[in-house]
Amino acid sequence: MAAEKHFLANKVSGTLSHSRRLKFYLPTLIGDERSLQVVFHIFYDEKNPSDGYVRDSVIYKQMAVIEPFFEELGLNFNLKKINRRGIPNATFYGADIGNTAEATIKKYREGDVATLNIYTVGYVRGTKDVVFFA
């Protein structure tokens, strides 16, 4: 609630770029540390990529993509934890933004506002794709 009050009291009018707006509000959102903890939640049926299992090497590559993208903002990402849960694919079949399956997945969220939780599930909508939610 305090962050929202600060946001409204210090709202910048005009046309700032998205990155400049984010740079302005970032200390209010996550503090001056400018570091986000990242928790990956991997939901899989069997221990192979076609059933939703994501290897550590894939996660490390994803982190290597995220880091430089936000470097201009002075924002750092720290991989804090990788959670893996063997759950039958049918449990999250049809997971999509805003539906019951997504709500169930997000019950596993960890940390505070400075923690980015990334969720992966396999076999969404009848495909063998892995879907990511953040």
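The numbers here are math on the coordinates, done by the rules we state, and not lab data. Only a predicted model underlies this, so the values are computations on that prediction, with no experimental measurement involved. With ideal geometry, Cβ positions are generated from the backbone for all residues, glycine too; neighbour counts draw on all protein chains shown.
A compact table of results
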{"quantity": "Nonlocal amide H pairs with LEU116, under 5 Å, H built at 1.01 Å", "calculated": "GLN37, VAL38, VAL39"}
{"quantity": "Computed E for GLU71/SER50 - FRET, C-beta separation, R0 41 angstrom, nearest 0.05", "calculated": "0.75"}
